[in-house]
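Scroll down for the structure; my scribbles are underneath it.
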Amino acid sequence: MKRSVAIVGPTPMFVRWAILNPCQLRELYPQRLPESTFRQLRALREISLAAIEERIFDQVCIHPDASSRNVADALGIPIDEISSLVGGLDFAHRCCENCPANAGGVSQPGLLAGCYGWIPGDLRFDFDRIIRGNQNEVLAATPQFQHHDLSELIEITIQQLDLPNHLAQHFPRWKPWWFGLWSREELTEAQLELLEIIFTHTIDQFDRALEREPTNTLSLPSTAKQDLIRFRDAVRACRSHCLQLHVELIPAGNSDGLRWTLLRHCAVCKRTTDPKATNCDVCGAVGYQQNEIKLKVLGIRPYLNLVSIFGLEATENLLKRFEST
């Protein structure tokens, strides 16, 4: 799957989050804050990432997969198009550099719009290389999982840190705990404290795994690890500056490139459910099943097809000059 390009096929469960804080770069909609923030600021985020990764050339943000070997499909963002919408990139930098909500800028200096993000739920791992000790005991207690994914690793972390009794005081007693962590749209201070502990430990486990086996290619991908770090830093920022952190769990679905369909799921905990089921096997809710939801896919925006802007020859020339640098 190419980054920033519409997904075709199964879409995994994931969590999206955003920090509520007054901002001159976005309009604040407390309802569905993570979604609206993403839509308003993702172009600015992509441009700042491109600057960090040195992918800006001739005032064009070059997509990481763009290549002169495939000019027709090359994507990019004309910087002027986005800059004019936010009052100029210098203004955007001034807004984000001193903003306590720009949590993403902690681990990536220069990042803009670090006040939102997501937690991918479909990460697959070789647990034997990451976790030692009571792995089998913990997995035996969580039969709902069919794959070794992030939600399963979070479950193991909770057991290793002996947190169930503490979690039960602030989150629903759902099993697995993953679904209960996102049961409230706005997180309390006590919930933030527990999430910081959980995600700090989870990130540390991958670092320790890499120390043991530096060539381990099955540990967390760097981009996904950055997503976890941003969320951990967002939790810390909210605790330090008394900000509100909003979260939303998005169920698994499918995309045909035009329509994004969220599978039938529990309306309470968002667990994907069997069409024949009358109650949820996670939260126990009866009769609260949400049928499939059809949405329009986000597509390749904010990226655009460069050939449609500059033409084939000019795009090929641009990419070759960029690659030569």
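Descriptive notes on the structure:
- Test result for ILE293, open to solvent by less than 90 Å² (accessible area, probe 1.4 Å) and without any contact (Cβ under 8 Å) to a residue 60 or more places away in the chain: yes
- Taking region 276-298 as the range and being among the β-branched types (Val, Ile, Thr) and part of a loop (DSSP other than H, G, I, E, B) as the test, the residues that pass are THR278, VAL282, VAL297.
- Qualifying residues in region 252-275 (those that are open to solvent by less than 30 Å² (accessible area, probe 1.4 Å), farther than 15 Å from ARG184 by Cα and assigned to a loop (DSSP other than H, G, I, E, B)) - the one modelled with the lowest pLDDT: GLY257
- The one condition in (1) of a type outside the set (Val, Ile, Thr); (2) at pLDDT below 95; (3) open to solvent by 40 Å² or more (accessible area, probe 1.4 Å) that GLY88 fails to fulfil: (3)
- The criterion of at least 2 residues that are under 30 Å from CYS266 (Cα atoms) and not aromatic (Phe, Trp, Tyr) is met, among helices (runs of 4 or more DSSP H) falling completely within region 1-104, by 33-52.
The values are calculated or read from the model by the stated rules, or taken from the named source; none is laboratory data. For clarity, every value in this text was computed on a predicted model and none was experimentally measured. Positions of Cβ are generated from backbone atoms using ideal geometry, with glycine treated the same way; all protein chains shown enter the neighbour counts. Keep in mind that these areas ignore ligands, DNA and RNA; they rest on the heavy atoms of the full protein, side chains included. Shrake-Rupley method; radii C 1.70, N 1.55, O 1.52, S 1.80 Å.
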